[in-house]
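Report on the following structure.
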Amino acid sequence: MRIGFTLEKIIFLAAIALLTGCGKEDIKVYQIPKEPTVAKPHQQSQEQWKVIGDVPENWEEKGPSGMRVAQYVVKGKDNSQGEVAVMPMVGLRANKNEILAIWKGQLGQDVVEKSERVKIGEDEGELFDLSSQQPTSPELSQRILVAMLIKDNVNWFFRISGTSNLIEQSKPDFIKYLNSIKIISTSQPQREAITKPNTNANIPSSNSKSDFKVNEQIRMVGVIASAGSYTMFFKMTGQNSAVDRHKDELNLLNHSGFKNVAG
Amino acid sequence: MWLDKLINALTSIRLTVLCLALAIVLVFLGTLAQVDKGIFIVQKEFFQSIIVISDLRILNHKVPIIFPGGYLIGLILIINLIAAHFKRFGFHLQKIGLLLTHFGILVLLVGQILIDHLHIESSIRLVEGESKNYSESYTKCELAFVKISGADFDIVVSIPESYLYKGNVIRHPQMPYEIRINEYYENSQIERLSGQSNERGAATLGIGASLRVIPLPPITTTDRRNAPSAIIELIGNNVPKGTWLVSFFLDDGQTFNVGNEQWQMFLRPERYYKPYYITLLDFTHEKYPGTDIPKNFSSRVKLTNPQTKEEREVLIYMNNPLRYGGETYYQGSFDPGDDRVSILQVVKNPAWTTPYIACALVGFGMALHFILKLSAFVKEQKKR
């Protein structure tokens, strides 16, 4: 049995090696094909606006995608490429500085900010000029122009981004584009039923229910209820399955009474 | 010699009985722990570990537990079984049935370790008309940094969740910067700060400047998953100075520049990319009339593989999965809120045959052992 014992020893030592070889997962690196810029079907159905304007010749239309109702690739004289994006946001509660922080973060450190008034279609908005001082070369440093407009409770953002050189060349075209813009609503806006003022304010006179997918797992169901001269917002947020189990409970609001306890 | 003594102990039948008894206790403890910790954590802590260092809640008291883990018990059983054959059973033709049975048990034990390491279960959520070339993990998340290149490809650096803990500094040759994890929330909710609020955002850069993070206790049930968030900081030359919030709730990546390189960051379910695309053409979801009980659901998908120039339509429905590229696509679920959405379950398990082979070997070995013993008994009876 001598050979057997030798084998046993090998197995034993191999098992020890196996026990000590259990490590944690590694960081992985891989290449992926660029994701197509076509809009996702569930986003197309939510599109409500079309933006028309004088588009310069060197802007190539890419079509709507995600939150963007219009986007273009801007081609510079030095073969550099930039991007124009038009994004409407409904019910945004962040203030101007918080929104600008998003784009400042993209530019890196030492960002210089300037602002001026600008005509956007028939309205007046504000144009912010954000430029990065790092790196110092204008061929490499990045710059963003963002025009902001609040119209009909919708925050509109018109953004052009690219190298400092490209944005310097494209700024006149971008302002011309902003001046010529027309925003067309492609769907009928939903309007809340206007109710007569009710001093008792104890019966919900109308409500509308919205169902949003925050992402693939998370969902938000909201009810906007009008009671007399008051508008109330009820929100249910959580995992898809949990919200689905409980969303019908929001219908109980139809049978609830609201009392003005503030006197 | 100490090694010989150890080998004697390892080949003893007492050790076999002890291991089996410990395995029974481990299953019992794991079952109790599952109530509070959930099945995925228990699988990892109790069964896919060498030593269990955990706790149990008994009558509202936390009781610490230190116990041999599933892998340790399994490995000792494997060593015990193999060594016993060399020392005690030997290799005789009369014992071929026994040998086959034990070999079947070995295949089962080794197969389970292989399944633990090679088995990947994920899902693809598709809206009608949508194409995807990746599936997403049910439980694991990744902190992904994507380098946007001018070519047709982007480079992804995927950092597993196990690296995300407070104070950890992550570096990788592909990234021209380091990442410091300032805070990590295993499960969380995020909220937008009110415009009038003086409260500072969770981070100083990106969308996190206008959001707050609410830590939540980890999920222990199987029908929900954790939604992690983290506050991170980039360290290096030419990187934006400040903190970023990355969260499971933020679908869109946050973009930043490092010199003339453009990067995006995401905290998202771990993705498994494939060299082919699955497009959902049509999803049919039938219910029993007058009820919400699903009767039948099927997905008509298009499989497109640019490498092999393959393009074909497949109908996936209950008990009729698509098997392709070493993976099986089952009709997994649907979205009760959107009848255009199909959720396919994707299972990759290269070791899926091992339990079948093991059972066949054990069954055949036992039958053979019985027949050989019976024939020997009959022969002996005849002699008498």
Margin query: Given N residues in region B:239-384, what is its alpha carbon radius of gyration divided by 2.2 N^0.38 Å?
Written below: 1.84
Checklist line | Distance between modelled label sites at residue B:296 and residue B:138, nm, 7 Å Cα→Cβ extension | finding: 2.6
Next item on the list: Calculate I(q)/I(0) for region B:300-384 by the Debye formula, one identical point scatterer on each C-alpha and no solvent, and give its log10 at q = 0.12, 0.18, 0.24 Å⁻¹ to two decimals.
Entry: -0.61, -0.91, -1.15
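Residue B:293: net charge of surrounding residues, Cβ under 12 Å, Lys/Arg +1, Asp/Glu -1, itself excluded?
Net local charge, residue B:293 excluded: 0.
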Margin query: Along each principal axis of its Cα atoms, how long is region B:132-272 end to end? Whole angstroms, biggest number first, please.
Written below: 40, 38, 28
Margin query: Angle check, please: helix B:70-84 long axis (alpha carbons) against the longest principal axis of chain B (alpha carbons), in degrees 0 to 90, nearest 10.
Written below: 30
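If region B:210-283 were replaced by its equivalent ellipsoid, with semi-axes equal to the square roots of 5 times the Cα gyration tensor eigenvalues, what would those be, largest first, whole Å? Could you put the intermediate results ahead of the total?
Values: eigenvalues 156, 100, 21 Å².
Its equivalent ellipsoid spans semi-axes of 28, 22, 10 Å.
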Notebook entry, point to check: What is the percent of Cα-Cα separations in region B:270-311 that go past 14 Å?
Noted result: 62
Checklist line | Of A:96/A:119; A:50/B:274; A:119/B:241, pairs whose Cα-Cα distance is over 30 Å | finding: A:50/B:274; A:119/B:241
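Counting Lys and Arg as +1 and Asp and Glu as -1, each charge on the Cβ, what is the dipole of region B:114-178 about the Cα centre in debye, to the nearest 20?
Numbers: 6 positive and 10 negative charges, 56 e Å.
Dipole of region B:114-178, to the nearest 20 debye: 260 debye.
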Notebook entry, point to check: Counting Lys and Arg as +1 and Asp and Glu as -1, what is the net charge of the other residues whose Cβ lies under 13 Å from the Cβ of residue B:377?
Noted result: +4
Notebook entry, point to check: Along the positive direction of the dipole of chain B (beta-carbon charges: Lys, Arg +1; Asp, Glu -1; about the Cα centre), which of B:68, B:259, B:296 reaches farthest?
Noted result: B:68
Notebook entry, point to check: Taking every pair of alpha-carbon atoms in chain B, what share in percent sits in each 20 Å bin, from 0 to the bin with the longest distance?
Noted result: 20, 44, 30, 6, 1, 0
Next item on the list: Mind pulling the angle between the C-alpha long axis of helix B:354-383 and the longest principal axis of chain B? Nearest 10 degrees, somewhere in 0 to 90.
Entry: 0
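Values in this text are rule-based calculations from the coordinates and carry no lab data. Quick caveat: nothing in here was measured; it's all calculated off a predicted structure. Ideal geometry is used to build each Cβ from the backbone, glycine not excepted, and the neighbour counts take in all protein chains shown.
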